[in-house]
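These notes concern the structure reproduced below.
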Amino acid sequence: MTATYSTEPINSAKSAIAALTGDDNQTRYYAAWWLGKNKIQEACPFLCEALRDERYRTKQGGYPLRRQAARALGQLKNTQALPDLLTALDCEDLNLREAVVQAIAAIGDRQAIPALISLLKSNSPQPYEAIIEALGTLQAWEARALVEPFLRDRSERVQCAAARYLYLLTQEPQYIERLIQNLSHENVYLRWAAAFDLGAIGHLTAAEAIISAKVADSLKLLNLKRILEALLAEEAENGTSLPEKSLLLGAIDRLLLPENREATVNNEEAIAFLIEKLYYNHPGISSTVVESLVQRGTETVEPLIAAFLTCKDHGVQGFIIQALARIADIRALDLLIEVVGIEVANHCQGSVRRMAARGLGKIGSTTNDISAIDRCIEKLNWALSNVEDWALRYAAIVSLQQIATPETQKILEQSLGQQTDQIVRLRCQTALENWQSARIEINT
């Protein structure tokens, strides 16, 4: 299968497919990513062809384009790709094999189970973590005897995968406890892996552990959303309403604009000195600095705005926006509006936009400036209607509820039927159902 290569920018299915079959390896890699991110189903055969690519190979023997093609096929979730993915399992590139296994799990076709079990039985190196997780996703419970020995594997991440599989099968608490223990592991990557495993399990006990874990808030948000989705599926299946929804919605609300209530300020250092400390990029130091800046109040607003405008470090920008959003001074309105509206390719900036949206909610609910309130509502309505990031739309709902005017109520009523993400839709519905209590809470 061929397509004519074009040098036009990758901004459509046609241009991305053309670039995928071109000569520039980096452009082809980006095209595969773009096609997967945008779930272009017509690209399925072209991505399957890319799974067999021999042109883009590293000196170490890896196949970057093949890996990205596999990831993209997983995002498409098109069963027509399964035969090509199963064939790609024979490649010697272990990273490619891992991406293929993850794509197979995402597609969810149980016809792949025998091939995955064969990999588990083989004596050659395999991406065991991905294979075991895929078997759990596909509910391949016939593989239990093969999975149980991996609880003693030398890799703790493989142990986590085995515990996740066995909990999904047996619901025995001993397995979920093993995962919860790893949330406090000194190795940050193991903490991340444990959070994802607990998110996949979808149990309330897992949610409580994730909320208090020492992992990034963005990772907490993602996995709490997965658990809430599992609860909603359970509700739909059993026809009952689960009160745990409120706990999870409240936790997500708080994560949108975190507060470090344990931090204390023990010095009278100048604001400039405090802002400089943010560049240390140490979470503990930065959280304490943010708390200090917030406690100093409105005198920090203009220095923080100036620091943001000259800063190129996304992490530092995030802490600055966090402080400005919590102070909620009207002088920061222009900056917060701008940050909410920025379309970024760097996903680590997603949390910055979410905090800015929450800052608009705080300003809009506390100021008496009608023009400022209107601008907050306008940008939040834009975010609710136009952005892909579910958490940013969720933050916009929380902030519109906080502002609590007839206009924001009308916006949420109109949005309720338009939201496709069930968690965002649930938060919108909850905001409307509790509208009067929200007004009372804001006015006290």
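Mind putting a number on the dipole of the chain about its Cα centre? Charges go on the C-beta only, +1 for Lys and Arg and -1 for Asp and Glu, and I need it in Debye to the nearest 20. So the magnitude is around 460 debye. Extent of the chain along its three principal axes (Cα atoms, max minus min coordinate, largest first): 66, 56, 47 Å. Excluding same-chain residues fewer than 8 positions from Lys77, which lysines have a Cα within less than 29 Å of its Cα? Within the straight-line limit of under 29 Å, Lys77 reaches these lysines: Lys14, Lys37, Lys39, Lys121, Lys220, Lys225, Lys245.
Ignoring aspartates and glutamates fewer than eight residues from Lys214 along the same chain, the ones with Cα atoms less than 19 angstrom from its Cα are Glu156, Glu177, Glu186, Asp197, Asp253, Glu259, Glu262, Glu291.
Sequentially through segment 47-60, phi angles give Karplus couplings (6.51, -1.76, 1.60; θ = phi - 60°) of 5, 5, 5, 5, 4, 9, 4, 10, 7, 9, 9, 7, 4, 7 Hz, Gly and Pro residues having no value and appearing as x. Placing +1 on the Cβ of every Lys and Arg and -1 on the Cβ of every Asp and Glu, with no other charges, gives segment 145-193 a dipole of roughly 120 debye about its Cα centre.
Seen against the Cα atoms of the chain and their longest principal axis, helix 94-107 is set at about 70 degrees. Ranking of Arg66, Arg154, Arg191, Arg97 by neighbouring Cβ atoms within 10 Å, starting from the fewest: Arg154, Arg191, Arg97, Arg66.
Neighbour counts of other C-beta atoms within 10 Å: give me Asp389, Asp84 arranged from fewest to most. Write down the numbers at each step before the final one.
Numbers: Asp389 15, Asp84 20.
The most exposed by this proxy come first: Asp389, Asp84.
What value in Å³ per residue do you get for the convex hull of the alpha-carbon atoms in segment 271-443? Could the numbers behind the result be given before it?
Numbers: hull volume 19.7 nm³, N = 173.
Spelled out: Cα convex hull of segment 271-443, divided by residues, is 114 Å³.
Once the Cβ-Cβ distance between Lys410 and Gln26 is put in as r, and R0 is 45 Å, what FRET efficiency do you end up with, to the nearest 0.05? The formula returns an efficiency of 0.45 here.
Net length available on complete extension from Ser246 to Glu54 is 64.0 nm, with 0.36 nm assigned per residue and the Cα-Cα distance removed.
With a simple spin-label model that places each label point 7 Å from the Cα along the Cα-to-Cβ direction, the separation between Ser212 and Asn368 comes to 4.4 nm.
Counting only C-alpha contacts under 8 Å and six or more residues apart, can you give the relative contact order of the chain as a whole percent?
Numbers: 609 pairs, mean separation 27.8, N = 444.
Result for the chain is 6 percent.
Between Arg144 and Arg331, the FRET efficiency from the beta-carbon distance, with R0 = 41 Å, is close to 0.10.
With +1 on each Lys and Arg Cβ and -1 on each Asp and Glu Cβ, how big is the dipole of segment 181-255 about its Cα centre, in debye rounded to the nearest 20?
Values: 7 positive and 10 negative charges, 57 e Å.
So the dipole magnitude of segment 181-255 works out to roughly 280 debye.
Segment 69-91 and segment 117-195 have Cα centres separated by 23 Å. Our note on the geometry: Cα centres of segment 362-439 and segment 217-252, 20 Å apart. Computed per residue of the chain from DSSP H runs no shorter than four, each worth -39500 (n - 2.57), the mean residue ellipticity at 222 nm is -20500 deg cm²/dmol. Taking the chain as a Gaussian network, where each spring joins two C-alpha atoms under 10 Å apart, which residue of Ala272, Ala88, Ala72 fluctuates the most? Of Ala272, Ala88, Ala72, the most mobile in the Gaussian network model is Ala272.
How big, in percent, is the set of alpha carbon pairs in segment 181-255 lying more than 22 Å apart?
Details: 558 of 2775 pairs.
The share of Cα pairs beyond 22 Å in segment 181-255 comes to 20 percent.
For the options Asn78, Asn38, Asn95, a Gaussian network treatment of the chain with springs between C-alpha atoms closer than 10 Å singles out Asn38 as fluctuating the most.
Can you work out the FRET efficiency for the pair Thr298 and Gln418, with r the C-beta to C-beta distance and R0 = 35 Å, to the nearest 0.05? The partial results should precede the final answer.
Details: r = 37 Å, r/R0 = 1.06.
Taking R0 as 35 Å, the efficiency between Thr298 and Gln418 is 0.40.
Only aspartates and glutamates eight or more places from Lys379 in sequence, or on another chain, were considered; those with a Cα closer than 12 Å are Asp334, Glu338.
Ranking Ile227, Trp435, Pro406 by Cα position along the charge dipole of the chain, where only Lys, Arg, Asp and Glu carry charges on their C-beta atoms, puts Ile227 farthest toward the positive end.
Could you order the peptides 10-17, 238-245, 121-128, 182-189 from most to least packed, using the average number of other C-beta atoms within 10 Å per residue? Write out the running numbers ahead of the final one.
Details: 10-17: 17.0, 238-245: 10.8, 121-128: 12.4, 182-189: 14.0.
Per-residue Cβ counts within 10 Å, averaged per peptide and sorted highest first, yield 10-17, 182-189, 121-128, 238-245.
We did not get these values from a lab; they are worked out from the coordinates using the rules stated. Just so you know, these numbers come straight off a predicted model, no measurement behind them. Here the Cβ is made from the backbone with ideal geometry for all residues, glycine too, and neighbour counts use every protein chain on show.
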